[in-house]
Every structure is written in C-alpha cells, then in structure tokens.
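Asks: One structure follows; several queries about it will come next.
The values are calculated or read from the model by the stated rules, or taken from the named source; none is laboratory data. The shown structure was predicted, so the numbers you read here are calculated from the model rather than taken from an experiment. Cβ: placed from backbone, ideal geometry, glycine included. Neighbour counts: every protein chain shown. Each accessible area value is taken on the protein alone, full model and side chains, heavy atoms only, with ligands, DNA and RNA left out. Shrake-Rupley method; radii C 1.70, N 1.55, O 1.52, S 1.80 Å.
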Amino acid sequence: MRAIVAERAGGPEVLELREAPVPEPAAGQLLVETAATGVNFIETYQRSGAYRVSFPFTPGAEASGRVVAVGEGVEGFAVGELITTAEARATYAERFAVRAERAVHVPDGIAADTAAALPLQGLTAHYLAVSAAQPQPGDTVLVHAGAGGVGLLLTQLLVRRGVRVVTTASTPEKRELSRGAGADEVIDYGGFAERVRELTGGEGVAVVYDGVGRQTFDGSLQALRVRGELVLFGAASGPVPPFDLQRLNAGGSLSVTRPSMGHFLRTPEERAGRYRELFEAIADGGLDVRIGARFPLAEAAEAHTALESRATTGKVILEP
Ligand code: NDP
C-alpha cells in the first residue's frame, strides 16, 4: 500500500509518499481500507518536532473507511462495514489498523468523507462545549479561530445550547463563515480583549476557548469576566510561555485549564455518548461539517502547508 512517511522532523517537505507494508490487525483490532483521512493540527506539531514522536513516522489519528479484516476477539464489527475513528495511528495511508473500541459505525446518511472530517474536531468541540467548561444559556463566550475546524463545530454546539458566541477570524471570508455557524459577533484579533468588553457591557466573557495559544493568551485572560475560565486547548501560533499565577487573582479569580481529547474519552460510554450527540446533531440539521479543502494522499505536505499558513477553513482531508 502507499503511505506518507517522514524519516525525520522538519518542514512539510519531510512528508513523502512511500510503499509500506499493510498492517496486520492484532487481537482486538480492525484493519480498515481508508476512504478519507482527517488532517489535524497536532500532526504538524509531530512532524515539526514540537511534539516528540519516533521516526520513521506516518502521521494520522483520524480516518473513515470499510473494514477489510477483523482481529481475534473483535465483537460488533464485520468486514464491509463503514467505520470512523479519531484514535487510530498512521492513518495517512491506504490502510490502517485501529482498536475496535476506538472505532464507531458510521450511521446511514453520513458520507464517508464527512465521517472522516467529524470525529477528532467534533469530539473536541463536544468536550470543550459541555465538559472542559460549562457555559450556561445566556452566557457569552469567546472562541478564537472561529472559522477553523474546531471553531466552526464548537460555535454551532454552543449556539445550540443557548450560549452567545463571539469569535475571532482573520479574513472577511472566514468572518462570513463564522457568522454562518451562528457567531453573534466576529471580531479581529487586534484589540480583541477591549472589543469583547464593549460587547459584554464592560463585564467580559464567561469562557474563552483558545486554540491559538502564544499570540492570544494574554488577551484571552484580559477578556474574561470575574471568575471566568480560560480553556487553552491548542497552540496554532506557538506554545504559551510560563506565566505568573498571580495574574489569575488580579484578573478576578480566573481559572485556566489545558485539556486534551483523550482525557474526555475515558470510558466506552463517554465516547459513545459524545459520538451519539454529534451524529444526532448532524441528522437534525443542527451541525454542519464543513470540508474546506481536499488533497490527494500524495499531497499531505501541501495540506500541512495550507493548515500552518492559515489558508484553510473548516476541515482538511486527504483522499487516497
Ligand atoms: P484550525 O482549522 O482552527 O486552524 C488553525 C487556525 O488558527 C487557523 O486557520 C487560523 O485561523 C488560526 N491561527 C491564528 N494564529 C495562527 C498562526 N500563527 N498559525 C496558524 N494558525 C493560526 O485547526 P484545528 O481546528 O485542527 O485545531 C485548532 C486548534 O485546536 C489547534 O491549536 C489544535 O492543536 C487544537 N486541538 C486541540 C485538541 C485538544 O483536545 N486539546 C484537539 C484538536 C485540536 P485565523 O486565520 O482565523 O486566525
């Protein structure tokens, strides 16, 4: 089969298309023929060396596809079924193996590309909206990068729960998309903390969801109301340097959390419940999964370049 392999950490150019052996499904695993692969920001951190991985490295945690073999002891899955996952390894490939409990069946009516686009950013948006913080109906929150993959989904899930959402986005096209997802106000990054205060009668927001990191962190703290929560969930602009905890006191008994998806999929029931609510929201028209860019598998490097240069909206997928 063909797979993307990086021999070393580096720029997007280290992602090369190679012949690679088809993985064997171990006990408890499914072997899946990839229909589409979701590209996520974390793979750029792994490729660049910001997150440590062992090389040679085939990126990818998310993909959909048809089961082509089941390992010993697997129950509940059969050859030919369409599944998706956010928790596999090496999905930048024509086939991948995944532990059965980390895969879910794709409901009828959801296409294979949407099924690849949803899980990682969808599960993330879900746990951010309902678990990492719990904004209440009527609260105002700020979501950075509102036209991004997580941003569009998170905005829709929050608006569905009666939360007022303000977002940041860097271009007119992105601002328009974010408004379409239900954002009440879409603002520039420049002076965003002051603008958020104006939009909340001087009070500040209950929660800031910040996946941008270094460039927004200070402003995000300044945009919070008394006892507000900063949910720092990513570092698209680089990691946040260490900071003085006393700033949380000065800002008004603020909280900061740095969550990660795996900690919000702790049990089969928790995983199944989040997937169920996402699939229901798609079925009832309350959640639109936007695929903003498609690349052939061979062009994984171009996909990374697009993501890192802020050229994308919604989801980026690879197609074998
Ligand atoms: P996005 O589609 O949101 O892409 C990143 C966006 O961030 C860009 O489009 C851009 O939007 C904005 N951005 C602002 N500054 C920069 C910069 N200097 N370089 C690049 N982008 C910048 O990506 P994802 O939805 O895949 O991920 C969003 C964030 O969520 C990432 O930080 C990712 O690591 C994190 N994440 C965290 C998870 C967790 O569980 N903790 C799980 C999944 C994702 P604009 O041009 O409008 O500013």
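Asks: Is there a residue in the range 18-34 that is basic (Lys, Arg) and open to solvent by 40 Å² or more (accessible area, probe 1.4 Å)?
Replies: Yes, the conditions are met somewhere in the range 18-34.
Asks: Moving on to the next point. Of all residues in the range 104-136, how many are closer than 23 Å to Glu203 by Cα and in contact with a strand residue (DSSP E or B) (Cβ under 9 Å, 6 or more places away or on another chain)? I'd like the intermediate steps shown before the answer.
Replies: So the first thing to find is which residues in the range 104-136 are closer than 23 Å to Glu203 by Cα, and the list is 128-130, 132-136.
Add one more test, that the residue is in contact with a strand residue (DSSP E or B) (Cβ under 9 Å, 6 or more places away or on another chain), and what stays is 128-129, 132-136.
Going through the range 104-136 one residue at a time, the tally reaches 7.
Asks: Scan the range 79-97 and tell me whether some residue there is hydrophobic (A, V, I, L, M, F, W, C), open to solvent by 40 Å² or more (accessible area, probe 1.4 Å) and touching a strand residue (DSSP E or B) at 6+ places or on another chain (Cβ under 8 Å). Explain how you work it out, then say what you get.
Replies: Let us first name the residues in the range 79-97 that are hydrophobic (A, V, I, L, M, F, W, C), namely 79, 82-83, 86, 88, 90, 93, 96-97.
Still in the list and also open to solvent by 40 Å² or more (accessible area, probe 1.4 Å): 79.
Imposing the further condition that a residue be touching a strand residue (DSSP E or B) at 6+ places or on another chain (Cβ under 8 Å) reduces the set to 79.
Yes, because at least one residue in the range 79-97 is hydrophobic (A, V, I, L, M, F, W, C), open to solvent by 40 Å² or more (accessible area, probe 1.4 Å) and touching a strand residue (DSSP E or B) at 6+ places or on another chain (Cβ under 8 Å).
Asks: Could you name every one of the strands (runs of 3 or more DSSP E) located completely within the range 145-246 that has at least 3 residues being closer than 24 Å to Arg290 by Cα?
Replies: Correct list: 164-168, 185-187, 205-210.
Asks: Looking only at residues that are surrounded by 14 or more Cβ atoms within 10 Å (Cβ to Cβ) and not β-branched (Val, Ile, Thr) in the range 256-269, which one is nearest to the ligand (Cβ to nearest atom)? Explain how you work it out, then say what you get.
Replies: First, pick out the residues of the range 256-269 that are surrounded by 14 or more Cβ atoms within 10 Å (Cβ to Cβ): 256, 259, 261, 264-265.
Remaining after also requiring not β-branched (Val, Ile, Thr): 259, 261, 264-265.
Details: Pro259: 6, Met261: 4, Phe264: 8, Leu265: 10 Å.
Applying the filter and picking the extreme gives Met261.
Asks: Just for the range 295-317: of the residues that are of a type in the set (Ser, Thr, Tyr) and open to solvent by 40 Å² or more (accessible area, probe 1.4 Å), which one is farthest from the ligand (Cβ to nearest atom)?
Replies: Looking at residues that are of a type in the set (Ser, Thr, Tyr) and open to solvent by 40 Å² or more (accessible area, probe 1.4 Å), I get Thr305.
Asks: What are the residues in the range 190-201 that are open to solvent by 50 Å² or more (accessible area, probe 1.4 Å) and within 12 Å of the ligand (Cβ to nearest atom), if any?
Replies: Gly190
Asks: Suppose we filter Ala129, Ala90, Ala63 for residues that are more than 15 Å from the chain's Cα centre (by Cα) and at pLDDT 95 or above; which single one remains?
Replies: Numbers: Ala129 fails: more than 15 Å from the chain's Cα centre (by Cα); Ala63 fails: more than 15 Å from the chain's Cα centre (by Cα).
Exactly one residue qualifies, and that residue is Ala90.
Asks: Step by step: first the residues of the range 270-290, then only those that are open to solvent by 40 Å² or more (accessible area, probe 1.4 Å) and closer than 15 Å to Gly148 by Cα, then the one that is farthest from the ligand (Cβ to nearest atom). Which residue is that?
Replies: Residue satisfying both the conditions and the ranking: Asp288.
Asks: Let me ask something else about it. Only residues that are among the aliphatic types (A, V, I, L, M), in a strand (DSSP E or B) and touching a helix residue (DSSP H, G or I) at 6+ places or on another chain (Cβ under 7 Å): list them for the range 52-71, please.
Replies: We begin by selecting, within the range 52-71, every residue among the aliphatic types (A, V, I, L, M); these are 53, 61, 63, 67-70.
After this cut, where a residue has to be in a strand (DSSP E or B) as well, the list is 63, 67-70.
The answer is Ala63, and nothing else.
Asks: Out of the residues in the range 90-113 meeting the condition of being part of a helix (DSSP H, G or I) and touching a Lys or Arg at 6+ places or on another chain (Cβ under 9 Å), tell me which one is farthest from Val74 (Cα to Cα).
Replies: Within the range 90-113, the match that is farthest from Val74 (Cα to Cα) is Asp113.
Asks: Next question, about the same structure. Which residues, counting only those in the range 230-247, are closer than 28 Å to Gln46 by Cβ and of a type outside the set (A, V, I, L, M, F, W, C)?
Replies: Gly234, Ser237, Gly238, Pro239, Pro241, Pro242
Asks: Same structure again: Kindly check whether there is at least one residue in the range 88-99 that is at positive phi and within 16 Å of the ligand (Cβ to nearest atom). First the steps, then the outcome.
Replies: Of the residues in the range 88-99, the ones at positive phi are 90.
From the residues that got through so far, the ones that are within 16 Å of the ligand (Cβ to nearest atom) too are none.
No, because not a single residue in the range 88-99 is at positive phi and within 16 Å of the ligand (Cβ to nearest atom).
Asks: Right, here's the next one. Search the range 161-173 for residues being under 18 Å from Ser237 (Cα atoms) and surrounded by fewer than 24 Cβ atoms within 10 Å (Cβ to Cβ), and hand back the single one that is nearest to the ligand (Cβ to nearest atom).
Replies: Residues of the range 161-173 under 18 Å from Ser237 (Cα atoms): 167-171.
If we keep only those that are surrounded by fewer than 24 Cβ atoms within 10 Å (Cβ to Cβ) as well, we get 170-171.
Working: Ser170: 3, Thr171: 6 Å.
So the residue we want is Ser170.
Asks: Now a separate question. Pairs under 9 Å by beta carbon, first residue over 16 Å from Val159 (Cβ atoms) in the range 275-287, partner exposed (fewer than 12 other Cβ atoms within 10 Å of the Cβ), six or more apart or different chains?
Replies: Close Cβ pairs (under 9 Å, with a partner that is exposed (fewer than 12 other Cβ atoms within 10 Å of the Cβ)) amount to Ala283/Gly109.
Asks: Restricting to the range 128-153, name every residue that is more than 9 Å from the ligand (Cβ to nearest atom) and not β-branched (Val, Ile, Thr).
Replies: Hits for the range 128-153 are Ala129, Ser131, Ala133, Gln134, Pro135, Gln136, Pro137, Gly138, Asp139, Leu142.
Asks: Between a residue in the range 112-126 that is within 18 Å of Glu43 (Cβ to Cβ) and any residue that is among the basic types (Lys, Arg) and open to solvent by 10 Å² or more (accessible area, probe 1.4 Å), which pairs come within a Cβ distance under 7 Å, given they are 6 or more apart or on different chains?
Replies: As it stands, the answer is Leu123/Arg274, since those pairs meet every condition given.
Asks: Restricting the range 202-229 to residues that are open to solvent by less than 10 Å² (accessible area, probe 1.4 Å) and of a type outside the set (A, V, I, L, M, F, W, C), which is farthest from Val186 (Cα to Cα)?
Replies: Residue satisfying both the conditions and the ranking: Gly228.
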